[in-house]
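Values in this text are rule-based calculations from the coordinates and carry no lab data. Note that the structure is predicted; figures quoted are calculated from it, not measured. Every residue, glycine as well, gets a Cβ built from its backbone with ideal geometry; the counts of neighbours run over all protein chains shown.
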Amino acid sequence: MQEPALGTPARVPEPPAPARPQGTWGSWGPWSSCSSSCGDGVALRSRRCLRSSEEQPCTGDPRQYRLCQLPGCPGGSVPFRAMQCSLYDNRPVLGSSARYRWVPFHGAPNLCDLNCLAEGHNFYYSFGRVLDGTRCSPGSPELCVGGRCLSVGCDGILGSRPDACGHCSHGSCVLVHRLFQGSDPSSGYLGYVNVTKIPAGATHIKVTDRSRNYLALVASDGRYVLNGDRTIAWPGPYEAAGTLLTYSRTPDGTESLEAAGPTREDLQVMVLLQEPNPGIEYQFWLPRGHPQLGRGDSSALRQPQPRGAGSPPPPEPSPRPGGSATEPPPRSPPGPSQDGATAGRCGRCRPPKGRSQRIRHFCQSDFVFHGRILARRVVGRETRYEVEVKTRYRQRFPLVAREYLWVPSTCGCPTLSEGGEYLLMARRHVNHEHTLNRILLQERGYARPWTPREARLVREAAPHCPRPP
């Protein structure tokens, strides 16, 4: 390549032109009348693409067809395709003065052409397309529309298919698509880190990792389905949560987990860190209105804290693939402690009491709600409760139907029993790296058995909170 001569300015390539936005479809018009008065028939509706001269055309079909609900034709009626062929009886064709009577011919390659056989002769002629609503062949459930054979979808629309959730009503599904970029092990942290929770009911699941790290999968009962206990599994099919999961790993380290779903229970996606995390992409579809699709982030920010560490981890269940985790009882060695549970020592549990304590906790809490305890688990030096949120009295941040509630000790203070219902006041805890966003019930936090009286007293506390400036 020759360099430009001295004094001659180099030619700078022009930046690519920005992509033009696409137009927007207008609303659908009314359905037309049916193409037939009995038997098979279709109705049509259309929409316009609303765009300016700078916008690209809309993507999608401007027309939509549906099957008419018509009574059957009377006995002895001429079939629809035969009627169309008969319209050309005794008319000249092929530049000849010969006259023929025409009947349907079903041996031609294009089923939606009006292929008619000259009665008493051994040739057929194509008169163009059949009318919309004509059966593709005798006994076929498909109809011809615009020269194409289309099947009738479960919603009655020709050519439609169920959405990503398997429902007829399109738009009933929502795509969750995110990139997890937390937990850099440069600080010496290596081990299992949570990526996201795939909730029950998810479909078309795909998780992709392009690094030397390893994806792991944990069932709702704590059992590792894949790559647990630092044991790497072979690529292949695995059954999990009522669906078939495909795990693949290429020579360059790229991993993927894919499943059609729907899942019957929650699945926890984790990553076993070996090097800095370049980003783990995950996506799945959920039915519209699913509890995890709250107003806030539906990622795994409130899932259990990272498991494992560069230093020896604290005692914790170590489930293996195919096994189940057993929960050790909380350890409560004797000895007083000023904070109640520091350095592994538990003191006397002193729950807050009285009107002033109730008002103080209510006003200082990010979440005040009535919850039912579904499960309890000791994780490291903390206790994790799975809670069904029943009634919300105060929420400064989105609160979905099921949450994890964390207590920063294993001493069982406050005391929450599985199956019990409580009035809970908790705070939002976000760590410095923004990889955790948890609901934290402090060791001396407000947690009392729920009763109608307790709910009334909590509501009465709300007017006493100072208003924000």
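Between ASP229 and ASP61, how high is the FRET efficiency from 1/(1 + (r/R0)^6) when r is the Cβ-Cβ distance and R₀ = 45 Å? Nearest 0.05.
0.30
Starting from the Cα coordinates of segment 351-464, work out the convex hull volume and express it per residue in Å³.
Considering the Cα atoms of segment 351-464, their hull volume per residue is 100 Å³.
Two-decimal Rg/Rh of segment 173-265 from alpha-carbon positions, Kirkwood Rh?
We get a ratio of 0.95 for segment 173-265.
How much length is gained if the chain between THR391 and ASN122 is pulled fully straight, taking 0.36 nm per residue apart and subtracting their Cα-Cα distance, in nm to one decimal?
That works out to 89.0 nm of additional length.
Which of PRO57, GLY120, SER137 sits closest to the plus end of the dipole of segment 26-161, meaning its Cα is farthest towards the positive end, when Lys and Arg get +1 and Asp and Glu get -1 on the C-beta?
PRO57
Between ARG350 and TYR88, what is the label-point separation in nm under the 7 Å Cα-to-beta-carbon projection?
Result for the modelled spin labels: 9.8 nm.
Quick one: length gained pulling GLU281 to ARG99 fully straight, 0.36 nm per residue minus the C-alpha distance?
Additional length available on full extension: 58.7 nm.
With labels modelled as points extended 7 Å from the Cα through the Cβ direction, what inter-label distance (nm, one decimal) is found for ARG381 paired with ASP366?
Using points 7 Å along Cα→Cβ, the separation is 2.2 nm.
Step by step: find N for segment 26-161, compute 2.2 N^0.38 Å, then divide the Cα radius of gyration by it. What's the final number?
1.26
Highest mean first, what order results for 35-46, 104-115 on Cβ atoms within 10 Å?
35-46, 104-115
Please give the residues of segment 50-82, grouped as numeric ranges, whose backbone N is less than 16 Å from a label point set 7 Å along the Cα-to-Cβ vector of THR24.
50-59
Report the label-to-label distance for ARG444 and ARG51 in nanometres (one decimal), using points 7 Å from each Cα along the Cα→Cβ vector.
Distance between the two pseudo-spin positions: 6.6 nm.
Would you mind calculating the gained length between GLU460 and SER33 on full extension (0.36 nm times residue separation, minus the Cα-Cα distance), in nm to one decimal?
147.6 nm
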